[in-house]
Amino acid sequence: MSLSTLTKDWEPMSYGFLDASAKREIRRKMLKAVAVPGCQMPYASREVPMARGWGTGGLQVSLTLINPKTTVKVIDQGADDSVNAASIRRFLSRVSGAPTTLDTLDADLIQSRHRIPEEKLREDQVLVLQVPNPEPLRPVQPNMSIARQMHADADYGRMWLQLYEQIVRSGRVMQGASYPSMVNGRHVMTPSPIPRWDVPKLHMAKHLTILSAGREKRIHAVPPYTRVEPLVFDDVPYKVEEHGDLTCFRSGAKGFFMNEIPQDDGSSTYEISDSEYGVKTIKQAEGTETAFGESWYQDGEMS
Amino acid sequence: MAYVATRGGERAIEQSERLFRSAMGEITEDRVAEIKKAMPYLIDRVMGEASLYDEDLAALALAQTGGELFEAVLVLRAWRTTQPRLHVAEPIGQDELFTHRRISAAFKDIPGGQVLGPTLDYSHRVLATEVLNGSTYAPEKVDAADKPSPAYQPSVAVWQAENDLLDLPERDETRPEDIPDVTREPLLFPSKRAHTLQSLARAETGGALALGYAAMRGYGQAHPTVNELRLAEAEITVTHPKGTQFSAGRVKVSQAEVVSKKGEKLELGFAATMGWNEVKCISAATLDLNSKGAEKGSATEEEFYLYHTEGVESSGFCIHFKLPHYVTFQSSLDAMRNAKAKKSPKPEPAE
Amino acid sequence: MTIAIEAPRLVKAAPLLTAQNVSKNYGDVQAVRNVSAEVFPGEVLGIVGESGSGKSTFLRMLNLEETPDAGTYTLDLPEVDGNLFELDRFARRMLCAKRIGIVYQNPHLGLLMKHSSSGNVAERLLVAGERRFSVLREKAQEALEASEFPIERLDAPPIELSGGMQQRVQLAKAIALEPALLLLDEPTTGLDVSVQALVLDTLKRLQQERKITMVIVSHDLGVIRTLADRVMVMRRGEVVEAGLADQIFQDPQHAYTQQLVHAKL
């Protein structure tokens with residue numbers, strides 16, 4: 001018996017990059033986050049070989065959940081081919097051997113920055129959202145220890161006041177993305193900077209969503225079939241972006257969230273933000289048989 | 001297919017990295033060794049901020065990143081975090097530090113004496129341009145003192161405590177392996193003392209200086225006097241599973257104690273880091289000195305300075321603004337246009 | 001020191017507010033020493049004393065912002081019982097948010113200076129759970145009107161308003177939920193004399209119309225005389241004299257009170 005027979009061979013890095021103790025901590029914090037929907041759980045947040053603010057929180061969760069059979073999709077602003085999405089996808093696959101996909105329907109694990117795909121996610125899928133700032137109270141209370149206490153007390157008066165002020169000043173709620181939302185009737189969370197268009201997709205969704213902020217070291221979660229209600233006054237309805245009538249100039253897809261592309265003549269044209277949905281629409285139009293999942297929005301209306 | 005036009009992402013990022021690396025050229029063991037030899041203070045700074053003491057790895061990180069400091073520290077931290085923690089060394093007292101330089105601004109002379117050691121403090125900062133004309137800059141010979149100063153020195157603060165000038169912090173008897181480790185657990189506030197000192201030890205030098213300097217200029221309540229500054233080597237004493245204690249070598253450390261008068265006593269601020277980095281230690285100790293009772297949101301409040309001197313986080317967040325943000329931008333644009341439309345008077349349909 | 005207070009003339013019901021033997025030290029300074037007080041529903045208690053007498057500290061304790069070192073505090077309200085000083089942070093916050101209104105001398109303590117005035121009032125309704133924008137607006141407007149705030153400046157931020165107007169916004173915020181208890185900490189100090197009189201008029205009218213139970217703290221005997229039914233005189237943390245307002249002003253017993261009253265007259 002020698003040391004070498006008792007131990008594993010030296011390897012330059014652990015499977016899935018993170019070592020077992022880091023993964024164990026993240027698993028525990030994810031369980032806690034699922035147990036108290038919308039409540040931010042602090043975690044150590046290890047450094048990973050990517051800069052902070054570039055999806056390191058989402059990456060740590062993905063690295064913890066991944067195994068060689070997990071099919072992974074990575075998107076940034078809706079697009080699979082965005083430079084950072086490509087970089088994260090390559091890294092995930094390199095350190096885990098997991099297969100990758102662009103098709104939402106084929107993915108087991110979707111890591112995303114700022115979008116939820118347009119096709120409905122299923123119970124067997126997990127969505128990991130990258131979160132730059134996990135604290136919805138930051139605009140009204142930059143101090144994290146005070147904000148933590150406010151969550152404990154469900155002290156959200158200032159949050160509501162902010163909405164009141166916006167309506168008084170601008171005639172409407174001016175929050176763009178990251179629309180603060182009440183989870184399970186208890187914790188206000190930021191859904192990460194997804195557009196307002198995507199927030200209703202989280203409400204009573206079939207899939208699990210894990211939101212992870214690497215730089216700020218917080219994980220929160222929306223478990224399947226959980227209420228997610230944007231903060232709105234009873235008599236001022238929630239409004240998603242007015243994209244329901246727009247048509248993608250590339251694919252002809254209509255009724256989804258779009259990227260606006262300014263034109264030389266001063267006008268704008270639009271392309272669908274969920275790039276793979278656009279690709280599938282084109283394929284179908286070209287006569288290739290293409291499988292589409294049911295979409296959350298139909299004819300530009302949330303179904 | 002219409003979408004192919006947008007699919008240049010993967011190739012582009014690959015090539016941009018190649019472009020950066022090809023400008024660096026080949027990285028060899030020799031280059032790494034040369035960096036290590038030529039720039040010990042840079043190596044020290046990087047090791048301190050990375051909280052990883054390994055001169056070779058630090059030199060490699062610098063070589064690999066072309067001296068982009070934030071990147072070098074990140075590479076080291078990402079490597080460090082996956083390494084197993086084999087052992088926790090024994091705590092070490094100030095009087096056990098093998099001291100190269102030790103000065104106090106509080107007293108003209110102190111027990112053990114002032115030891116200037118190696119420093120550029122009193123040098124004339126003149127660029128040695130002759131080197132570029134082919135001459136070699138040869139350092140002058142050091143004349144050793146007749147009587148070498150003692151390698152181990154007592155602590156100034158201990159003398160002050162004995163003379164009832166200050167109260168030393170209560171001795172923390174936590175066993176070494178139970179000391180909270182900020183790299184393995186989240187930093188929460190009010191922060192644990194160990195987390196505060198560890199975070200300061202890892203702080204980005206420029207950030208610690210900026211906030212520390214703000215406090216020194218008057219945005220803090222306490223004006224620091226450097227009670228004791230040390231550049232030293234610390235013995236790493238570890239315990240064999242069979243119980244034998246032995247030295248695993250020495251590491252360079254620096255530490256600063258600053259004091260300020262509060263009532264009839266002196267108040268103490270402390271910081272230490274791996275490697276020799278005087279500016280960071282004095283700045284960080286000044287922040288520590290000012291942090292008690294600091295107003296929420298002020299530069300000397302613990303939460304404020306610990307978050308904002310974390311170099312990997314701050315630099316990462318800063319450069320992340322280069323990432324596309326068109327979804328968030330689109331979302332804001334929609335709200336702006338809609339609000340504007342509401343304000344512009346539209347002709348009301350006739351009833 | 002115990003001081004007998006005669007039964008109030010206004011009401012015979014049980015006191016709304018009872019504070020007993022309240023003491024608070026800051027280091028070596030005894031800010032409040034063994035102070036007791038009762039306030040009956042619909043009554044105004046005035047606390048007078050020079051700065052440093054402990055009167056504002058006592059008021060802040062009644063607003064549950066400070067916890068004393070000793071003493072008890074009860075309010076005769078259906079939703080609370082027992083010593084309020086023992087409530088946890090959350091229960092304190094909810095009680096203050098819903099049942100206790102306060103107007104500070106310094107409007108920065110009571111208002112968000114850059115939010116709209118109506119928003120400052122609405123915040124109180126929001127904390128109490130109101131979620132209809134139209135109702136928030138309506139009720140904020142009502143409270144501001146009742147406080148004689150110029151309604152065309154409804155959405156102006158307090159920072160752009162005069163001192164007197166800022167106090168009216170604080171007042172509107174304090175009465176928006178029809179509080180069981182209204183605390184006033186030097187509400188007119190620092191205002192011009194003419195403005196002071198107008199704000200006092202508003203307070204007096206509101207008190208008469210709505211029968212709000214109030215505790216008002218001031219160093220200014222004139223202010224206390226205008227509003228208070230009963231008066232407590234404090235000096236160096238202690239109550240030196242207490243009684244009906246008329247009695248205190250016409251026939252002060254304690255030397256310090258006599259000095260105060262005569263200095264004023």
Going through the range A:251-303 one residue at a time, which ones are within 12 Å of chain B (Cβ to nearest Cβ) and small (Gly, Ala, Ser)? A:SER251, A:GLY252, A:ALA253, A:SER268, A:SER273, A:SER275, A:GLY278, A:ALA285
Looking only at the range B:259-284, which residues are part of a strand (DSSP E or B) and open to solvent by 20 Å² or more (accessible area, probe 1.4 Å)? B:LYS261, B:LYS262, B:LYS265, B:LEU266, B:GLU267, B:LEU268, B:PHE270, B:ALA272, B:MET274
Tell me the residue from B:ALA285, B:ALA341, B:ALA256, B:ALA272 that is within 14 Å of chain A (Cβ to nearest Cβ) and at negative phi, please. B:ALA341
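Taking B:LEU187, is it in contact (Cβ under 8 Å) with a residue 24 or more places away in the chain, open to solvent by less than 40 Å² (accessible area, probe 1.4 Å) and not polar (S, T, N, Q)?
Working: in contact (Cβ under 8 Å) with a residue 24 or more places away in the chain: yes; open to solvent by less than 40 Å² (accessible area, probe 1.4 Å): yes; not polar (S, T, N, Q): yes.
So B:LEU187 fits the description; yes.
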The condition from (1) more than 13 Å from A:LEU161 (Cβ to Cβ); (2) of a type in the set (A, V, I, L, M); (3) within 14 Å of chain A (Cβ to nearest Cβ) that C:LEU125 misses is numbered (1)
Exactly one condition in (1) free of Cβ contacts under 8 Å to residues at least 24 places away in the same chain; (2) farther than 19 Å from A:PRO132 by Cα is not met by A:PRO99; state its number. (1)
Could you list, ordered by first residue, the pairs with Cβ atoms under 6 Å in which the first is in the range B:293-314 and at the interface with chain A (Cβ under 8 Å from one of its Cβ atoms) and touching a residue at least 12 places away in the same chain (Cβ under 8 Å) and the second is open to solvent by 20 Å² or more (accessible area, probe 1.4 Å) and assigned to a loop (DSSP other than H, G, I, E, B), at least 6 apart or interchain? B:GLU303/B:PHE189
Just give me the residues in the range A:85-120 being outside any strand (DSSP E or B), closer than 30 Å to A:GLY176 by Cβ and open to solvent by less than 10 Å² (accessible area, probe 1.4 Å), in sequence order. A:ALA85, A:ALA86, A:ILE88, A:LEU92, A:THR104, A:ALA107, A:HIS114, A:ARG115, A:ILE116, A:PRO117, A:GLU118
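For the range C:164-265, give me every one of the helices (runs of 4 or more DSSP H) that falls completely inside it and has 3 or more residues that are under 28 Å from C:LEU125 (Cα atoms) and not β-branched (Val, Ile, Thr). Write out each step before concluding.
Values: elements: C:193-210, C:221-227, C:245-250, C:255-264.
Ranges flagged: C:193-210.
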Does the range A:115-128 contain any residue that is of a type in the set (Lys, Arg) and either more than 24 Å from B:HIS325 (Cβ to Cβ) or in contact with a Pro (Cβ under 6 Å, 6 or more places away or on another chain) (or both)? yes
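Let's see how each residue does on (1) of a type in the set (Ser, Thr, Tyr); (2) on the phi > 0 side of the Ramachandran plot; (3) more than 9 Å from chain A (Cβ to nearest Cβ):
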| site | (1), (2), (3) |
| --- | --- |
| C:GLY110 | no, no, yes |
| C:SER117 | yes, no, yes |
| C:ARG131 | no, no, no |
| C:THR188 | yes, no, yes |
Give the range B:197-225 a look and list any residue that's within 24 Å of B:LEU52 (Cβ to Cβ), away from every other protein chain (no Cβ under 14 Å) and not small (Gly, Ala, Ser), or say none. B:LEU197, B:LEU200, B:THR205, B:LEU209, B:LEU211
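Could you look through the range A:68-81, keep only residues that are within 8 Å of chain B (Cβ to nearest Cβ) and within 10 Å of A:ARG115 (Cβ to Cβ), and pick out the one that is surrounded by the fewest Cβ atoms within 10 Å (Cβ to Cβ)?
Restricting attention to the range A:68-81, the residues satisfying the condition of being within 8 Å of chain B (Cβ to nearest Cβ) are A:76-79, A:81.
In the following step, the residues that additionally are within 10 Å of A:ARG115 (Cβ to Cβ) were identified as A:76-79.
On the way: A:ASP76: 28, A:GLN77: 25, A:GLY78: 31, A:ALA79: 30.
Within the range A:68-81, the match that is surrounded by the fewest Cβ atoms within 10 Å (Cβ to Cβ) is A:GLN77.
Results for (1) touching a residue at least 40 places away in the same chain (Cβ under 8 Å); (2) more than 10 Å from chain B (Cβ to nearest Cβ); (3) crowded, with 17+ Cβ neighbours inside 10 Å, shown as yes or no for each residue.
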| residue | (1), (2), (3) |
| --- | --- |
| A:GLN149 | no, yes, no |
| A:LEU163 | yes, yes, yes |
| A:GLY176 | no, no, yes |
| A:SER181 | yes, yes, yes |
| A:VAL240 | yes, no, yes |
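Of B:PRO84, B:PRO111, B:PRO91, which residue is closer than 17 Å to B:GLU233 by Cβ and either open to solvent by 40 Å² or more (accessible area, probe 1.4 Å) or in contact with a helix residue (DSSP H, G or I) (Cβ under 9 Å, 6 or more places away or on another chain) (or both)?
Values: B:PRO84 fails: closer than 17 Å to B:GLU233 by Cβ; B:PRO111 fails: closer than 17 Å to B:GLU233 by Cβ.
Going through B:PRO84, B:PRO111, B:PRO91 in turn, the sole match is B:PRO91.
Against the definition (over 30 Å from C:LEU126 (Cβ atoms) and not basic (Lys, Arg)), how does A:GLU276 come out, yes or no?
On the way: over 30 Å from C:LEU126 (Cβ atoms): yes; not basic (Lys, Arg): yes.
Answer is yes for this residue.
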Of residues in the range C:57-91 being part of a helix (DSSP H, G or I) and open to solvent by 30 Å² or more (accessible area, probe 1.4 Å), the one nearest to C:GLY222 (Cα to Cα): C:ARG60
Might you check whether a residue that is free of Cβ contacts under 8 Å to residues at least 40 places away in the same chain, within 20 Å of A:PHE233 (Cβ to Cβ) and over 15 Å from the mean Cα position of the chain (by Cα) occurs anywhere in the range A:188-204? no
Could you grab me the full set of residues in the range B:10-36 that are open to solvent by less than 60 Å² (accessible area, probe 1.4 Å) and either modelled with pLDDT under 95 or within 26 Å of A:ASN84 (Cα to Cα) (or both)? B:ALA12, B:ILE13, B:MET24, B:GLY25
From B:LEU323, B:LEU231, which residue is crowded, with 24+ Cβ neighbours inside 10 Å, of a type in the set (A, V, I, L, M) and either in contact (Cβ under 8 Å) with a residue 60 or more places away in the chain or within 14 Å of another protein chain (Cβ to nearest Cβ) (or both)? B:LEU231
Among the residues in the range A:23-32, are any open to solvent by less than 20 Å² (accessible area, probe 1.4 Å) and at pLDDT 95 or above? yes
Answer with yes or no whether A:GLU229 is at pLDDT 95 or above, out of contact with any Cys (no Cβ under 9 Å at 6 or more places or on another chain), open to solvent by 40 Å² or more (accessible area, probe 1.4 Å) and within 14 Å of chain C (Cβ to nearest Cβ). yes
For a quick check of your reading of the model, give me the residue pairs whose first member lies in the range A:22-40 and is within 12 Å of chain B (Cβ to nearest Cβ), whose second is of a type in the set (Lys, Arg) and part of a helix (DSSP H, G or I), with beta-carbon atoms closer than 9 Å and at least 6 apart or on different chains. A:GLN40/A:ARG148
So, in the range A:121-134, how many residues would count as being farther than 12 Å from A:GLY214 by Cβ, open to solvent by 10 Å² or more (accessible area, probe 1.4 Å) and in a loop (DSSP other than H, G, I, E, B)? 3
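For (1) closer than 19 Å to A:ARG158 by Cα; (2) within 14 Å of another protein chain (Cβ to nearest Cβ); (3) at pLDDT below 95, each residue gets a yes or a no:
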site: C:LEU59; (1), (2), (3): no, no, no
site: C:THR72; (1), (2), (3): no, no, no
site: C:LEU84; (1), (2), (3): no, no, no
site: C:PHE90; (1), (2), (3): yes, yes, yes
site: C:ILE102; (1), (2), (3): yes, no, no
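Tell me the residue from C:LYS173, C:LYS211 that is within 22 Å of C:LEU16 (Cα to Cα), modelled with pLDDT under 95 and open to solvent by 20 Å² or more (accessible area, probe 1.4 Å), please. Give the steps one after another, and end with the answer.
Details: C:LYS173 fails: modelled with pLDDT under 95.
Being within 22 Å of C:LEU16 (Cα to Cα), modelled with pLDDT under 95 and open to solvent by 20 Å² or more (accessible area, probe 1.4 Å) holds for just one of C:LYS173, C:LYS211, which is C:LYS211.
The values are calculated or read from the model by the stated rules, or taken from the named source; none is laboratory data. What you see is a predicted model, and the numbers here were worked out from it, not measured in a lab. Methodologically, a virtual Cβ is constructed for each residue, glycine included, from the backbone with ideal geometry; neighbour enumeration extends over all protein chains shown. Note: areas computed on protein heavy atoms with side chains; ligands, DNA, RNA excluded. Shrake-Rupley method; radii C 1.70, N 1.55, O 1.52, S 1.80 Å.
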